[in-house]
Structures are given as structure tokens and as C-alpha cells.
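Beneath this line is the structure, given in C-alpha cells, with notes to follow.
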Ligand code: 0L1
Ligand code: MG
């Protein structure tokens, strides 16, 4: 790339997504891609998708667990956009033919009952704006080789967003202890990992508050009716062909996701 700008970064990330081709870190060639600039790339990328007919349906938190931050070499949580094109209906397989190197992670998802606008949103206020809580899976994919990126790269790449599933079982938030909510992840019937809601910044409502306060710095808010993916509870597992990935929550129910062979 002769010269990196917001527009050329968006062009390149959309090209990699369209052609299912990963590539090197943009920050290696454009060290000025700091956090503020990266969110401008992310918002410009979303604007291109909206121009092409996609609709914003929510936001996602990424890198909300310290373990995952350490592993990815990035030391802060981040946010990204969810659009209707990323929705996987319950029971639909991961569309491997449309992805590069997808991974799957279980998440606690919120459906918002009210608009939530920062700044100064507390976890308590955030949870009061939630209509229902759901078991979810996020399918992440990275437009960078081997998921290797710096913070600016991954923010520009819409936080590795790809697809997501939210269970139709809607649980009212009142009376739930989401920090203690446990989940068990399995592949083809074998247990592979487990976690509780504390993995997400101590409490999923803390992640929701963080998203609202982060968006407020960009003059944006979380809208009523949106889905919020609060962050991976366990490590993401590879969506290799022919797998059935399941998650069983204590009170939010179960969800399973298959990956088509081929
Ligand atoms: O794992 C990654 O690609 C980091 C980006 C955020 C993914 C997530 O936690 O949802
Ligand atoms: Mg995630």
C-alpha cells in the first residue's frame, strides 16, 4: 500500500474479508494507527457496510478477560459493531466457505430494553436497561494472519467480528447472579473448558457499562432492542469442519453450533 489512510485501511480489510485472505498487520506499515484512528477506521468500515445494505443490530465487547488479553498480547478490552449480516439463526452451521480461520467462543448476551448512553454508566445502571439475558456464541475471524495483531489492527478490523448466535430462550435479568453464572463448553460431546461470568471484567454488566461509556466518547449510545455480546467466557475454539460445539449454562440454557464439512 503506497500510503495508508482511513479509506485505504477500510478497502484493504474489506478486500481480505471478501476474498477470504488474511494478511499482515497494518500497524507494521502504518505505525500512526493509534486507538483513536483505529476506531475511525472501524466506524468507516461500518459505514461502508451500511451503505451496502447492512443494518446495525448491536455491539460486541472483545478481549474482556485478562487471560485472553495476555494470550493475544493486547492489554485492553475493545468494542466492535454487530450487523444483521452477522446473525446466525439458531441451528444454522458456521458458514466455513465465507470465513478465513473462524473460532467460536461462548458469551453472555443482552437484549437491551432501553437506550443506554454514557458517560458515567455504572454496571447497576447498565443492567437496569437490559430486557433479557441469553446464551450466545460468537464466531470470530481475523483478517490478520494467525490472529496476530496490535491493538490498532484489531480495533480497525471491527474486533475480529464475523457471526453470532443468540439463544431464543430469554431470561429476565432480575434475580440472576451473572458473575456466578457458569458455562461448560464441549466439542463433539467432550468437555473442553468452563468458566463463570466473572471472566468478563468481573461481571457482564461491567462490560456493558464499559461499552456504553466507550461509545459515549464517540458521541454514540447503545440503542433499545440491540444485542450486546459481553465477551468470550472461555478460550475461543477452532471451528474446524465437522464439529459440534456446545455450551451449557447454569440458568441461561444450552446452545450448539455445527461446522459444515467441506
Ligand atoms: O481474539 C480476537 O480476535 C481478539 C478480538 C476480540 C475478539 C473477542 O473477544 O470477541
Ligand atoms: Mg467475542
May I ask you to derive the FRET efficiency for residue 87 and residue 29 from their Cβ-Cβ distance with R0 = 35 Å, giving the value to the nearest 0.05?
0.55
Between residue 235 and residue 97, how high is the FRET efficiency from 1/(1 + (r/R0)^6) when r is the Cβ-Cβ distance and R₀ = 35 Å? Nearest 0.05.
0.90
Given 12-18, 59-65, the highest-first ranking by average Cβ count within 10 Å works out to 59-65, 12-18
Using a cut-off of under 20 Å, list every residue of segment 208-252 whose amide N is near the label point 7 Å from the Cα of residue 124 along the Cα-to-beta-carbon line.
208-213
Between the modelled labels at residue 256 and residue 8 (7 Å from Cα along Cα→Cβ) the distance in nm is 4.9 nm
Which order do peptides 168-174, 194-200, 107-113 fall in by mean Cβ count within 10 Å, highest first?
107-113, 194-200, 168-174
Report the full-extension gain for the segment residue 179 to residue 75: residue separation times 0.36 nm, less the Cα-Cα distance, to one decimal in nm.
35.3 nm
GNM on the chain, Cα springs under 10 Å; top mean-square fluctuation among 32, 67, 52 goes to 52
Taking alpha-carbon centroids only, segment 125-161 lies from segment 165-242 a number of Å equal to 10 Å
Taking 0.36 nm per residue of separation between residue 48 and residue 145 and subtracting their Cα-Cα distance, the length gained on full extension comes to 32.6 nm
More than 22 Å apart: what percent of Cα pairs in segment 99-240 qualify?
41 percent
Please say if the chain is rounded, prolate or oblate, where rounded means a/c under 1.5 for a ≥ b ≥ c the square roots of the C-alpha gyration tensor eigenvalues, and otherwise the choice is prolate for a/b larger than b/c and oblate otherwise?
oblate
Gain upon complete extension [residue 194, residue 115; 0.36 nm per residue less C-alpha separation]
25.2 nm
So what is the 222 nm mean residue ellipticity for the chain from helices alone, if each DSSP H run of at least 4 adds -39500 (n - 2.57) and you divide by all residues, rounding to the nearest 500 deg cm²/dmol?
-7500 deg cm²/dmol
Looking only at 229, 96, 45, which one moves most when the chain is put into a Gaussian network model with springs between Cα atoms under 10 Å?
96
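Values quoted throughout were computed directly from the atomic coordinates according to the rules given, and no laboratory measurement underlies them. This one's a predicted model, so the numbers in the text were calculated from it and none came from an experiment. Methodologically, a virtual Cβ is constructed for each residue, glycine included, from the backbone with ideal geometry; neighbour enumeration extends over all protein chains shown.
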